[in-house]
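In what follows, a structure is listed as structure tokens, so that the remarks can point back to it.
The values are calculated or read from the model by the stated rules, or taken from the named source; none is laboratory data. Computed from a predicted structure; not experimentally measured. Neighbour counts run over all protein chains shown; Cβ positions are idealised from the backbone, glycine included. Just the protein is used for accessible areas: all its heavy atoms, side chains included, with ligands, DNA and RNA removed. Shrake-Rupley method; radii C 1.70, N 1.55, O 1.52, S 1.80 Å.
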Amino acid sequence: MPPAEGRIGGVDDLGGPQEWFNSLPVVTKFWFGSTFALTLAVNFGVFSLYNVAWVWESFKSNFEIWRVVSSFCYMGKFDMSTLFGLYMLVNFSKQYEAGGPYNTGGGGGTADFVFCFALGCLGCLITYPFLAGVIAPLFAKNMTFYILYIWSKQNPNKPANIWGFPLKAQFLPFAYLAITVLMGGPYWDIVHGIGLGHLYYFTVDVVPLMYAKDVIHTPQFLIDYFGVGQYVPPVAANPRQQGFGNNTFNAPGRVNPPSDPAERSGSTGYNWGRGGQTLGNS
């Protein structure tokens, strides 16, 4: 499946892979880093694929709680599809997280993205038993298209392109789906992610406008932790001032101060965030 054209997060502008990775938004950095590392580990035989997949009986009976995380952090065996999958994961997640998620109480910032991501993960786990015959118990690609679909609905007229073919962002998830079907690849995980994304979009954007009811609210503890708006990660101007001898530590993290949940606008519910960025461009 071809990625949309463009550089990954401006990696060429930041001096190297480490600087590029450190520049990623906090959730995207954790998700991409974990997925890259776990995909390598499984392919090199460090972990078995069974031990990272979502298996309810193992989770319930053996208390294998790591499966809640690991099942969202494996992209696949080494091939071009996995490479494209990792590209899409980091690119789409970065675009939505940094561009301004739907505002569900955290000012359209990191707290809202974390809650959106958590709801997508929960949706994957709840609906998997009904789709076990057509999708695998590994949800990294599902979540990638969940995020992509939500971004495309928030920014329907943003320009994007695939292989140089221009199209509006609202058509991008379906373009990828069509290409996958035409190439004979597995597509139910894409359909699953799009379906969950539409459910989130409908609940967070359509319901408040049509029924003047706000259904989804970012929990206050997430707002207290990440602050309102974009989370500011730990930064140390002089790292050695934070350590002892040869040991160095980052300065404590800083967040925007918490405030009241999202400002309401008239009788139509929350003021649902701000626009995103062009997909596939830094």
Problem - Filter result for the condition that a residue is modelled with pLDDT of 95 or more and part of a loop (DSSP other than H, G, I, E, B), over 203, 218 - result: 218
Exercise for the section: Mind telling me which of the residues 103, 62 ends up being among the polar types (S, T, N, Q), modelled with pLDDT under 95 and in contact with a Phe, Trp or Tyr (Cβ under 8 Å, 6 or more places away or on another chain)? Expected result: 103
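Quick grid of which residues meet (1) touching an Asp or Glu at 6+ places or on another chain (Cβ under 9 Å); (2) within 19 Å of residue 87 (Cα to Cα):
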{"site": "125", "(1), (2)": "no, no"}
{"site": "136", "(1), (2)": "yes, no"}
{"site": "143", "(1), (2)": "no, yes"}
{"site": "170", "(1), (2)": "no, no"}
{"site": "175", "(1), (2)": "no, yes"}
Fill in the blank from the handout: A careful count of residues in the stretch 159-216 that are surrounded by 13 or more Cβ atoms within 10 Å (Cβ to Cβ) and under 20 Å from residue 105 (Cβ atoms) gives 12
Practice task
Return yes or no: is residue 218 touching a Gly at 6+ places or on another chain (Cβ under 7 Å) and touching a residue at least 60 places away in the same chain (Cβ under 8 Å)?
Solution key: yes
Fill in the blank from the handout: When residue 149 is run through (1) outside any strand (DSSP E or B); (2) modelled with pLDDT under 95, the failure sits at (2)
Exercise for the section: Filter the stretch 188-202 for residues that are more than 18 Å from residue 137 (Cα to Cα) and either of a type in the set (Phe, Trp, Tyr) or over 18 Å from the mean Cα position of the chain (by Cα) (or both) and give the result. Expected result: 200, 201, 202
Completion exercise
In the stretch 175-188, anything closer than 20 Å to residue 131 by Cα and in a helix (DSSP H, G or I) is listed as 177, 180, 181, 188
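Yes/no per residue for (1) open to solvent by 60 Å² or more (accessible area, probe 1.4 Å); (2) closer than 27 Å to residue 203 by Cβ; (3) not polar (S, T, N, Q):
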{"residue": "21", "(1), (2), (3)": "yes, no, yes"}
{"residue": "47", "(1), (2), (3)": "yes, no, yes"}
{"residue": "51", "(1), (2), (3)": "yes, no, no"}
{"residue": "59", "(1), (2), (3)": "no, yes, yes"}
{"residue": "99", "(1), (2), (3)": "no, yes, yes"}
{"residue": "103", "(1), (2), (3)": "no, yes, no"}
Fill in the blank from the handout: Those residues of the stretch 184-210 that are within 15 Å of residue 76 (Cβ to Cβ) and either out of contact with any helix residue (DSSP H, G or I) (no Cβ under 7 Å at 6 or more places or on another chain) or not acidic (Asp, Glu) (or both) come to a total of 6
